[in-house]
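Here is the structure we will look at, set down as structure tokens.
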Amino acid sequence: MKKNLLEYDLTGLAAFCESLGEKRFRATQLFRWIHQQGVGDFGQMTDIAKSFREKLSQHACVIAPPVISHHRSADGTVKWLFDVGGGNAVEAVFIPEDGRGTLCISSQAGCAVGCRFCSTGHQGFSRNLTTGEIVAQLWFAEHSLRKAAGSDERVISNVVMMGMGEPLQNYSALVPALRTMLDDHAYGLSRRRVTVSTSGVVPFMDRLARDCPVALAVSLHAPNDKLRDYLVPLNVKYPLHELLGACIRYLEFAPRDFITFEYCMLAGVNDGPEHARQLVALIREAGAGRPWCKFNLIPFNPFPASGLQRSDPATIAAFAALLNDAGIVTTVRKTRGDDIDAACGQLAGEVQDRTRAPQRMARRRAIPIHPAQAPVASTKEPDLD
Ligand code: SF4
């Protein structure tokens with residue numbers, strides 16, 4: 001069976017080249033063709049020796065999961081739905097902003113954590129993505145967007161692991177994927193511009209700090225254990241004092257001097273002034289009074305099975321003001337891509353039944369569906385049946 005080269009970081013690719021009887025340094029050239037040029041057809045890698053290209057054609061391929069659908073929102077947000085087999089699909093979302101382009105990537109098909117406010121959590125867990133399936137989302141999105149723009153300029157400047165899944169519960173696949181994102185011979189993203197978002201898998205926060213310390217975001221969502229046990233069930237295993245301790249330890253290695261806390265605003269559940277005051281006390285105690293984190297308040301995107309509602313704008317503003325007045329930098333996330341269900345917490349809700357997903361989405365949305373524009377030799381045609 002041919003090996004998909006998207007599965008390898010540069011070290012892994014060097015070992016693969018060696019296994020084909022080639023010098024390890026050939027991997028750098030190959031890595032650049034794949035990730036910098038978006039080329040998956042070995043025949044087009046013109047400065048690689050013909051004998052090596054022939055070996056590659058026999059033993060390797062470069063292939064992303066098939067794209068089921070591709071939607072562009074009115075605000076420029078783009079969402080791809082990838083078929084990862086077995087009836088599972090995962091999403092990647094590109095969010096363009098002034099001066100930067102952020103890609104939100106999935107790490108698992110479904111998620112085992114089961115947060116109450118998250119449509120992925122309600123879907124349950126199917127399986128971990130491989131390194132290649134994680135990297136393929138970036139590879140495909142970057143080169144599709146370049147092709148659509150008719151430019152060789154880099155489009156994606158930031159990656160956030162905030163799509164479907166808990167990335168730290170898929171650690172062995174995650175780390176090589178992060179290394180590929182950071183590698184100067186691939187995407188060359190700085191550690192500050194790659195963010196792993198976790199619900200608080202404490203042992204792997206410590207491992208990430210040592211193995212590949214990128215920016216860290218933590219899904220907090222509650223100021224006390226009782227409420228967090230309910231909203232983020234993983235809290236029962238790793239309660240707040242352990243989670244915040246891991247955050248403080250992570251800061252020693254982090255590329256930024258703060259941790260970002262994500263806080264989903266749920267009407268009547270976690271959005272009162274008493275919750276904000278508890279948060280202030282919690283953060284002050286954990287950081288011994290020094291500033292060490294920022295808050296990002298996320299207006300909840302309701303979905304029927306959750307039984308939860310979005311906090312109203314005045315409540316969110318008052319909550320943010322209370323934190324800001326206490327010296328904790330707090331912002332409110334703009335919702336983007338609402339018309340394609342690409343806003344936070346809306347990923348995945350529609351994707352499990354891939355046989356009907358495109359049709360269902362087409363019915364629900366007024367915007368047209370365009371076939372995905374693939375980079376060279378990138379994917380098979382979508383399988384819609
Ligand atoms: S919020 Fe994240 S960790 Fe929680 S269920 Fe959703 S995907 Fe999983």
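The values are calculated or read from the model by the stated rules, or taken from the named source; none is laboratory data. What you see is a predicted model; the values in this text were computed from it and never measured. We place every Cβ from the backbone using ideal geometry, glycine too, and count neighbours over all the protein chains shown.
Filtering region 241-268 to residues that are crowded, with 18+ Cβ neighbours inside 10 Å and not in a helix (DSSP H, G or I) leaves A254, I259, T260, F261, E262, Y263, C264, M265, L266. When region 199-228 is filtered for residues that are closer than 16 Å to R116 by Cβ, within 12 Å of the ligand (Cβ to nearest atom) and touching a helix residue (DSSP H, G or I) at 6+ places or on another chain (Cβ under 7 Å), the ones remaining, listed by number, are S199, G200, H221, R228.
I want to confirm something. Restricting to region 132-164 and keeping residues that are within 17 Å of T77 (Cβ to Cβ) and hydroxyl-bearing (S, T, Y), which single residue is surrounded by the fewest Cβ atoms within 10 Å (Cβ to Cβ)? By that ranking, first place goes to S157. Counting only residues that are more than 20 Å from D9 (Cβ to Cβ) and outside any loop (DSSP other than H, G, I, E, B), how many does region 182-201 have? Within region 182-201, residues that are more than 20 Å from D9 (Cβ to Cβ) and outside any loop (DSSP other than H, G, I, E, B) number 2. Screening K55 with (1) within 25 Å of the chain's Cα centre (by Cα); (2) in a helix (DSSP H, G or I) gives one miss only, at (1). Among what's in region 91-112 and is assigned to a loop (DSSP other than H, G, I, E, B) and among the hydrophobic types (A, V, I, L, M, F, W, C), pick the residue that is nearest to the ligand (Cβ to nearest atom). Per the criteria, the residue is C111.
From the residues in region 113-150 that are of a type in the set (A, V, I, L, M) and part of a helix (DSSP H, G or I), which one is nearest to the ligand (Cβ to nearest atom)? If we take residues in region 113-150 being of a type in the set (A, V, I, L, M) and part of a helix (DSSP H, G or I), then I134 is nearest to the ligand (Cβ to nearest atom).
Taken together, the residues in region 285-317 that are buried (at least 16 other Cβ atoms within 10 Å of the Cβ) and not in a loop (DSSP other than H, G, I, E, B) amount to 12.
Only a single criterion out of (1) touching a His at 6+ places or on another chain (Cβ under 6 Å); (2) not assigned by TED's automatic domain parsing to the domain that holds W139 is not satisfied by T46, namely (1).
Restricting attention to region 204-240, which residues are touching a residue at least 12 places away in the same chain (Cβ under 8 Å), within 18 Å of E285 (Cβ to Cβ) and part of a helix (DSSP H, G or I)? Those that are touching a residue at least 12 places away in the same chain (Cβ under 8 Å), within 18 Å of E285 (Cβ to Cβ) and part of a helix (DSSP H, G or I): D225, L227, R228, N235, L240. Search region 59-75 for residues being part of a loop (DSSP other than H, G, I, E, B) and under 18 Å from the mean Cα position of the chain (by Cα), and hand back the single one that is farthest from R127 (Cα to Cα). Here the residue is A64. Here's a check for you: in region 166-181, which residue that is within 16 Å of the ligand (Cβ to nearest atom) and either in contact with a Phe, Trp or Tyr (Cβ under 8 Å, 6 or more places away or on another chain) or part of a strand (DSSP E or B) (or both) is farthest from V113 (Cα to Cα)? Selected residue: Y171. Summed over region 184-198, residues that are buried (at least 19 other Cβ atoms within 10 Å of the Cβ) and either within 16 Å of the ligand (Cβ to nearest atom) or of a type in the set (D, E) (or both) total 4.
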